[in-house]
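The values are calculated or read from the model by the stated rules, or taken from the named source; none is laboratory data. The structure presented is a predicted model; accordingly, all values stated were derived computationally and were not measured. Glycine also receives a Cβ, built like all others from the backbone with ideal geometry; neighbour counts cover every protein chain displayed. Remember, those area values only see protein heavy atoms, side chains included, never the ligands or the DNA or RNA. Shrake-Rupley method; radii C 1.70, N 1.55, O 1.52, S 1.80 Å.
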Amino acid sequence: MRTAYTSDQIRSAELALMARLPEGTLMDRAATGLAGVCAHLLAGSRGRVYGSRVALLIGSGDNGGDALYAGARLARRGARVEAVLAGSRTHEGGLAALRKAGGRAHPYDAARARELLADADLVMDGLVGIGGSGPLREPYGTLAELTAEAGGLVVAVDVPSGVDASSGRVEGPAVRAHLTVTFGAYKAGLLVDPGATHAGAVELVDIGLGPFLPDPEVAALTADDVADLLPRPGEESDKYRRGVVGIAAGSDRYTGAAVLSVGGAVRAGAGMVRFASSAEPVRLVRARWPEAITTVLDPSLVLKSSLDEVGRVQAWVLGPGLGTGPEAHAVARAVLSTGVPVLVDADGLTLVAKDRTLLRRAAPTVLTPHAGELSRLLGVPREHIEAGRLDHVRRAAAELGATVLLKGSTTLVAEEHRPVRVNTTGTPWLATGGTGDVLSGIAGALLAAGLTGYDAASCAAYVHGLAARTAAGGGAVGRGQAPIAALDVAQALPEALRTL
Ligand SMILES: NC(=O)C1=CN([C@@H]2O[C@H](COP(=O)(O)OP(=O)(O)OC[C@H]3O[C@@H](n4cnc5c(N)ncnc54)[C@H](O)[C@@H]3O)[C@@H](O)[C@H]2O)[C@@H](O)CC1
Ligand SMILES: [K+]
C-alpha cells in the first residue's frame, strides 16, 4: 500500500523526528537525496553531471534551502549552477553552501530568469513546498509559468510549487514537473489530480519519518494488495458461492450500456449474472453474453417493488442506460429496497440526485459518479469538484452515507473514516463512451463475491485501469498504443487479471 499524508501530518512527524536528531540532519538527508536523483537524471540526459547547466528557483522557506544545498552538491560535481532568488529572504546556510561550491545566485529579474530557464539542462523548483498556501504570489507565479518554457527537465522539490500539498488543488499558476522528489512520505496532493498531473513521476526520498507518521489520509493499492483482495475460487466453490450479481440496466432507448455492464461482470469473474430490463436490452444481452440469465421486467411488478421474478442475487448494479422516467424510478426503488449491496451508476445517479430518499437503506451502497454527476448529487458546480476532487469525494461519502467512487483522471474511492483510495492504473485512452458501464459490472461482480463496497470499488478501478492499458497496448500512454473501445476493456480483463 502506498500511503500519503497532509502537510500538517508531515510537519508533525518531522517535528517529532527532528527533536531526536542534530539540527540540519533532515535537510541534509533531503538535499542529498534530491541531488542524487538530479545527478542521475543529468547523467541520463547529458551523459554526465560535469559541465551541465542547472537553474534553481529559490523561495524564502526551507524548500528553497533544500534546493540550494542540493545545488551545492551538483556544483561540487562540476555542474554550472545558477540560482534565482525569488523570496523576500533566502535560506542563509543553503546560499552560503551554494556559493562556497562555486554556484552563483541572482536576485529575481524576469528576463534573466527566462534566459536561465531556457538554457538549463535541469530546473529545480524550490519556490514553495509544504509551507505553501493559496495561489502563488508574485514573482513565484511568473516563475512557475516560465518553467513551461524550460528547455530541460523540471524537477519539483518536495511538491510542485502552486499545488496544494494536502489536496492536490491548483489555484492559479503552478509548476508542471517531469519529476517530483518528495521527502519522508508522499503528500496526498501528489497522488490526486490536478496535483498528480503537475507532479509527473514521483520519487520518494526516505528521511526516516516512517515511525512518526499517523494513519494516512490517502492510500493507493498496489498490484500485490489487489491480488490479495481479489476473490479466487476454491475447491468447493460453485457459481452461487462465487457471487451472483443482478444488473438492472438498459432501456429500449439505451441498450449498449447494458451489454457493456454485463460484459464487465462476466469477465471480472461473477459466478452468475442475472440481467433484468425491458425487452430490447434483454434481447441484445442474450445475443452478446449467453452466460447471463435474463428477465424481462414486468412494469406492474416493478411498480409493486417486487423483483422476485429475477431470482436471488448477492449484489445489484443499478443504472447504466436505465433512463430517468417513472419506470426507471420504480426499478431504482425496487433495487434499492433490497437488503443486498447496490452499486448505483449513470442514470441511477440522476435518479438518486432527484430523490435522495432512495438512499435510505441499511445495506451498503456504492455510488460511481464522474464530476458532472457528483455535481448534481452535491449541488456544487462541476468546476469546484474538478478543482477539489479529494475534498468533494470525502464530503459526498459523509453526506450520502455511501462508498463513493469519483471517476476521472485519478479515480478516488471514499468511505467515511477510511483513507481515500486513489487509483494508480488507467490511461487517458479510457476517456471514451461506455467504459464506465464496464466498470460498474466489474465492481458489481466483486460486491457479489463478498468484497466490501470500499474494496470492491477500489479493486474494480484498479483492474479496469489495468485492462484498459492492456487493451491500448500496455503502459500508461505513449507510442505503440491505440485507441480502445469500451468492449475492448471488458475483453482485456482476463489478460489483465492473469498478471495479478
Ligand atoms: N520541516 C522539515 O523537517 C523538513 C523540511 N524540508 C523542506 O522544507 C519545506 C517546508 O519548508 P517551510 O516550512 O519553510 O515552507 P516552504 O519553503 O514550503 O514555504 C514557506 C515560504 O513560502 C511562502 N509562501 C507560502 N505560500 C506562498 C504562496 N502562495 N506564494 C508565495 N509564497 C508563499 C511563505 O511566506 C514562506 O516564506 C518542505 O517542503 C521541504 O522541502 C526538508 O528539508 C526536509 C525536512
Ligand atoms: K517546490
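Would you be able to say whether some residue in region 116-126 is within 15 Å of the chain's Cα centre (by Cα) and within 16 Å of ligand 2 (Cβ to nearest atom)? Within region 116-126 (the criterion being within 15 Å of the chain's Cα centre (by Cα) and within 16 Å of ligand 2 (Cβ to nearest atom)), the answer is no, since none of the residues qualifies. Selection of strands (runs of 3 or more DSSP E) fully inside region 52-130 by the criterion of at least 1 residues being among the β-branched types (Val, Ile, Thr) returns 53-58, 80-85, 122-126.
Of all residue pairs spaced 6 or more apart or on separate chains, those with beta-carbon atoms under 9 Å, a first member in region 450-473 that is assigned by TED's automatic domain parsing to the domain that holds Leu230 and closer than 15 Å to Leu229 by Cβ and a second member that is part of a helix (DSSP H, G or I) and of a type in the set (S, T, N, Q) are Ala460/Ser440; His464/Thr435. For region 176-184, does any single residue satisfy the condition of being touching a residue at least 60 places away in the same chain (Cβ under 8 Å), more than 10 Å from ligand 1 (Cβ to nearest atom) and more than 18 Å from the chain's Cα centre (by Cα)? No: region 176-184 contains no residue that is touching a residue at least 60 places away in the same chain (Cβ under 8 Å), more than 10 Å from ligand 1 (Cβ to nearest atom) and more than 18 Å from the chain's Cα centre (by Cα). The set of residues in region 415-435 that are of a type in the set (Gly, Ala, Ser) and either surrounded by 24 or more Cβ atoms within 10 Å (Cβ to Cβ) or more than 16 Å from the chain's Cα centre (by Cα) (or both) comprises Gly426, Gly433, Gly434.
One residue stands out among those in region 291-324 that are in a loop (DSSP other than H, G, I, E, B) and of a type in the set (Asp, Glu): the one that is modelled with the highest pLDDT, which is Glu291. Evaluated against (1) out of contact with any Ser or Thr (no Cβ under 9 Å at 6 or more places or on another chain); (2) open to solvent by 30 Å² or more (accessible area, probe 1.4 Å), Leu204 falls short on exactly one condition, (1). Among the residues of region 166-184, those identified as buried (at least 23 other Cβ atoms within 10 Å of the Cβ) and farther than 18 Å from Thr411 by Cα are Ala174, Val175, Ala177, Thr180, Val181, Thr182, Phe183, Gly184. In region 56-63 there is no residue matching the filter, namely being under 31 Å from the mean Cα position of the chain (by Cα) and modelled with pLDDT under 95.
Would you mention how many residues in region 138-150 are near ligand 2 (Cβ under 10 Å from one of its atoms) and of a type in the set (A, V, I, L, M, F, W, C)? Final tally of qualifying residues: 1. You will find that of Val266, Val273, Val245, the residue that is of a type in the set (Val, Ile, Thr), assigned by TED's automatic domain parsing to the domain that holds Val438, in a helix (DSSP H, G or I) and crowded, with 21+ Cβ neighbours inside 10 Å is Val266 and no other. In region 39-52 there is no residue matching the filter, namely being open to solvent by less than 10 Å² (accessible area, probe 1.4 Å), within 14 Å of ligand 2 (Cβ to nearest atom) and modelled with pLDDT of 95 or more.
Contact annotation: residue pairs with Cβ atoms under 7 Å, 6 or more positions apart or on different chains, pairing a residue in region 402-425 that is free of Cβ contacts under 8 Å to residues at least 24 places away in the same chain with a partner that is outside any strand (DSSP E or B), are Ala414/Val393; Ala414/Arg394; Ala414/Ala396; Ala414/Ala397; Glu416/Ala397; Glu416/Ala398. Among the residues making up region 357-397, those that are closer than 25 Å to Ser251 by Cβ, open to solvent by 20 Å² or more (accessible area, probe 1.4 Å) and touching a residue at least 40 places away in the same chain (Cβ under 8 Å) are Leu359, His370.
Could you grab me the full set of residues in region 87-123 that are of a type outside the set (Asp, Glu), open to solvent by 10 Å² or more (accessible area, probe 1.4 Å) and within 15 Å of Ser60 (Cα to Cα)? The answer is Gly87, Ser88, Arg89, Thr90, His91, Gly93, Leu95, Ala96, Ala105, His106, Pro107, Tyr108. Scanning region 124-158 for residues that are farther than 23 Å from Arg80 by Cβ, within 6 Å of ligand 1 (Cβ to nearest atom) and either among the polar types (S, T, N, Q) or crowded, with 18+ Cβ neighbours inside 10 Å (or both) yields Val128, Gly129, Ile130, Gly132, Ser133, Leu136, Tyr140, Asp158. Name the residue that is nearest to Leu74 (Cα to Cα), counting only residues in region 151-171 that are within 14 Å of ligand 2 (Cβ to nearest atom) and in a loop (DSSP other than H, G, I, E, B). Taking the candidates together, the pick is Asp158.
The C-beta contact set for region 299-314 (first residue under 27 Å from Asp238 (Cβ atoms), second residue open to solvent by 70 Å² or more (accessible area, probe 1.4 Å) and at pLDDT below 85, distance under 9 angstrom, 6+ apart or interchain) comprises Arg312/Tyr240; Gln314/Tyr240.
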